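Reading through the structure tokens given below for one structure.
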Amino acid sequence: MSITPLVMGNWKMNGRAEALQHFLEDVQLTTKVDTALCPPSLYLASAFKAGLAFGAQDVSAETDGARTGELSAAMLKDVGCAYALVGHSERREYHAETNELVAEKASAAVAQGLVPVFCVGETLAQREAGEVEQVIAEQLAPLLALPDVIGKVVVAYEPVWAIGTGKTASSEDAQQVHAYIRTQFAAVDAKIAAALRILYGGSVKPDNAAELCSMPDINGALVGGASLDAASFNEIIQAAAATVAA
Ligand code: 13P
């Protein structure tokens with residue numbers, strides 16, 4: 001089965017309204033690739049571009065109520081969001097998000113019709129200790145226990161040591177982890193595993209996107225720094241599009 005690639009930008013805590021406006025004018029979309037942007041959430045309500053989907057960088061695990069500072073999945077849906085990142089390594093590190101909480105966030109997103117982009121990835125120390133598969137399995141375990149959720153997620157493999165460092169996993173190393181993620185899903189449901197979109201993230205740039213996206217189990221990219229510049233992001237979209245049969 002061929003899976004339509006998804007190229008998604010994550011602006012993290014960067015950008016202003018004017019920069020977003022310029023980006024939306026300059027970004028060039030193609031029907032061969034699904035595209036989405038996760039700007040800081042307060043810009044979501046005013047962001048629009050035909051053919052471009054939007055996502056939040058995080059979502060509360062709770063429904064509306066007493067959670068100061070949080071945004072519910074229903075609110076994100078209300079302003080036109082299609083996706084929500086959950087479990088980005090920066091949330092796991094700076095906000096002590098656990099694997100269980102991340103799965104709860106994915107569940108809350110799905111309950112409101114948002115597609116969670118479930119982020120996993122190992123640190124350099126874990127990679128050097130040979131613990132990659134164990135770490136990924138632990139991160140996925142609470143998600144894989146949710147039969148109503150697993151068919152509605154996108155997974156993003158983002159090795160922590162490759163984020164914002166200019167170091168990318170080699171396409172072979174990334175492919176190996178992506179294949180492992182797919183087998184973890186296949187152990188629960190082969191059909192869901194076959195259709196699962198698994199994005200690679202971590203220093204994706206115009207010059208490495210084509211090779212990464214050509215790997216059989218890499219179905220697109222989650223792009224940080226290079227998504228702040230529409231020209232770079234356009235090149236990454238084009239690289240992903242080139243992997244799609246005409
Ligand atoms: P960089 O592309 O800046 O390495 O960031 C990756 C990332 O964390 C996207 O979510």
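Every read-out reported here was derived from the displayed coordinates using simple, explicitly stated rules and does not represent laboratory data. Quick caveat, the model's predicted, so the values are computed rather than measured. FYI the Cβ positions are ideal-geometry reconstructions off the backbone, even for glycines, and counts take in every protein chain you see.
Counting Lys and Arg as +1 and Asp and Glu as -1, each charge on the Cβ, what is the dipole of the stretch 152-223 about the Cα centre in debye, to the nearest 20?
Dipole about the Cα centre, nearest 20: 260 debye.
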Can you give the Rg/Rh ratio of the stretch 100-141, where Rg is from the C-alpha atoms and Rh is the Kirkwood radius? 1.12
When you count, for each residue, the other Cβ atoms within 10 Å and take the mean per peptide, how do 77-89, 141-153, 14-26 rank with the highest first? 77-89, 141-153, 14-26
Calculate the dipole size of the stretch 1-70 relative to its Cα centre from +1 charges on Lys and Arg beta carbons and -1 charges on Asp and Glu beta carbons; express the result in debye to the nearest 20. 160 debye
Debye-sum result for the chain in log10 I(q)/I(0), which assumes one identical scatterer on each alpha carbon, at q = 0.10, 0.12, 0.14, 0.18 Å⁻¹: -0.42, -0.62, -0.87, -1.52
Any idea how far the Cα center of the stretch 4-45 sits from the one of the stretch 87-125, in Å? 20 Å
Using only Cα positions of the stretch 99-223, each an equal point scatterer, no hydration layer, compute I(q)/I(0) via Debye at q = 0.18, 0.19, 0.21 Å⁻¹ and quote the log10 values to two decimals. -0.93, -1.03, -1.23
What's the whole-number percent of alpha carbon pairs in the stretch 15-143 lying beyond 23 angstrom? 39 percent
What pairs from Lys32/Lys167; Lys105/Lys205; Lys12/Lys167 go past 26 Å between their alpha carbons? Lys32/Lys167; Lys105/Lys205
